[in-house]
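Comments concern the structure below.
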């Protein structure tokens, strides 16, 4: 792995110090790999007994002793056979397997002083004394090389920074992130749940409030696509296996797909929507005057994700994409990409995301298509970003094998980055499916296919929203916007009148007239993070008012019923 920043090097070096500490404390433990990752590092260990929280503290204490000695990170190389012999003597079986898989004749080794030796390409900091602030965070299960059929390992996560202040800030954000965990809030707010034992892992069940939240987002997304002149399409969830052979998915993606037999013929549950949209494009002869043709679908797909990587709504086996494909001429790429960028920023603003990073990924070593096609597409993507005066980073060689791409990542309230929109040029599928249009000369030309998503996975986006807002959604998104609480039965009639007024304006309101105390109903409405609670008693009826409690602010006074209706309607319409 190539580390691009000094912080990555620091964290990778800290993972080596952690592995050294573990080996000193439990010499029989076998070490595997320990890379730097976003926000920290990890190292996987093969140890008979599970690590405990107490063990983490022991490891931290031993790491501090190692750091105090300031051992240097020393690089050396040895030939392949010598390296295998060395790690056999050390009884480090996983390192031997890694070396055998490398195919290199010269093997890179790093030593931490004279104390710890590891198979590693580096780079590292000069010496361990440069590690000023670190923390071990948690232990999780993992599998060797991510394969459930291979040895189960224990993964220790940690983080490191250049200063204690940075570490303290990070740990504070981590504590806040725990409170915002969408898995916890999803249950608390009755949005969704997983019934793994009964139904299977990675499959989401939306409860009524969650299904309503999803409908609000879906309705918004569909209307936006109609505004941007996309054609709405719906394609089947199962398609013949031979279609996936033609698309290349059977060859390159089969392990992530679900195949089954129907009347002696192979079918598959779709993992992507692209082939279905291609069939619609191919249903008639297309002219250059028809292009661009834009298809949009809220398409549900299923992928065989490994159990170990499933994570709430963020990584599931069944999810829905706001998927679209644009079939266009080469000279249309730039303008279509600009339209997509405008679309993304408009949508993200409505959802309350204003901090966005953009990445442009270019041609990888292994690619399809001609250099000329890649050059045209890459220049068009970059020209669109420059015309929009966007700040972006270029990631050389990180494009998909079928074309360059733009990734748009948003930052939430805790400044955490989330993958969101993507715009990808594709030379492969138009070629595989022999797509064409009649050009101005009356002959056939091959269109360019642009894959793009605005929200990405609906599940992941809902998870992101929950954590961004800590479950306290703005009015327009809140499944239940207003709860009306009559103090006793004598106030029910007026409560029903207020509810009717709200519903007539398209607002979502319910009446909580349960036989519970007023304080309990207010408390439960607050815990449910409902934007507004309206309290109704004798005084409110006499004055034709409602007593208003706003989430996060408490009692904000009384308003005439019609004034509150107008205010709530405006807040919803403005998406504030």
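Rule-based calculations on the coordinates, nothing more; no lab input. A quick note: this is a predicted structure, and the numbers were derived from the prediction, not measured. FYI the Cβ positions are ideal-geometry reconstructions off the backbone, even for glycines, and counts take in every protein chain you see.
So for each of 146-156, 541-551 I average, over its residues, the number of other beta carbons within 10 Å; can you give me the resulting order with the highest mean first?
My ranking of the peptides, most packed first, is 541-551, 146-156.
Shape of the chain from its Cα gyration tensor (a ≥ b ≥ c, root eigenvalues): rounded if a/c is under 1.5, otherwise prolate when a/b > b/c, or oblate?
Numbers: a/c = 2.08, a/b = 1.24, b/c = 1.68.
Cα axes put the chain in the oblate bin.
Please report the spacing between the Cα centers of segment 466-511 and segment 525-576 in Å, no decimals.
About 8 Å separates the Cα centre of segment 466-511 from the one of segment 525-576.
Would you mind computing the Rg to Rh ratio of segment 6-175 from its alpha-carbon coordinates, Kirkwood style for Rh? Intermediate values should be presented prior to the final figure.
Working: Rg = 15.6 Å, Rh = 16.3 Å.
Checking Rg against Rh, the ratio lands at 0.95.
Which of the three applies to segment 468-544, rounded, prolate or oblate, going by the alpha-carbon gyration tensor with a ≥ b ≥ c and a/c under 1.5 meaning rounded?
Oblate.
How big is the equivalent ellipsoid of segment 207-341 along its three axes, where each semi-axis is √(5λ) from the Cα gyration tensor, reported in whole Å from largest to smallest?
Numbers: eigenvalues 145, 104, 38 Å².
Each semi-axis is √(5λ); the values are 27, 23, 14 Å.
At a temperature of 10 °C and a viscosity of 1.306 mPa s, determine how fast segment 224-275 diffuses translationally according to Stokes-Einstein, using the Kirkwood radius over alpha-carbon pairs as Rh; express D in µm²/s, rounded to the nearest whole number.
129
If you take the square roots of the eigenvalues of the alpha-carbon gyration tensor of segment 69-130 and sort them as a ≥ b ≥ c, do you get rounded (a/c under 1.5), prolate (a/b over b/c) or oblate?
Since a/c reaches 1.5 and a/b is larger than b/c, the shape of segment 69-130 is classed as prolate.
How large is the Kirkwood hydrodynamic radius of segment 418-507, in angstrom, based on all distinct alpha carbon pairs? Don't skip to the answer; put the middle values down first.
Working: mean 1/r = 0.0540 Å⁻¹.
One over the average 1/r among Cα pairs gives 18.5 Å for segment 418-507.
Please work out the C-alpha center-to-center distance from segment 42-112 to segment 374-402 and express it in whole Å.
Spelled out, the Cα-based centre of one part sits 39 Å from the other.
What order, most packed first, do the peptides 79-88, 528-537, 422-431 have when packing is the mean number of other Cβ atoms within 10 Å of each residue?
Packing order, densest peptide first, comes out as 528-537, 422-431, 79-88.
Working from the pairwise distances between different alpha carbons, so that the mean of 1/r is found and then inverted, what is segment 1-53's Kirkwood radius in Å?
11.8
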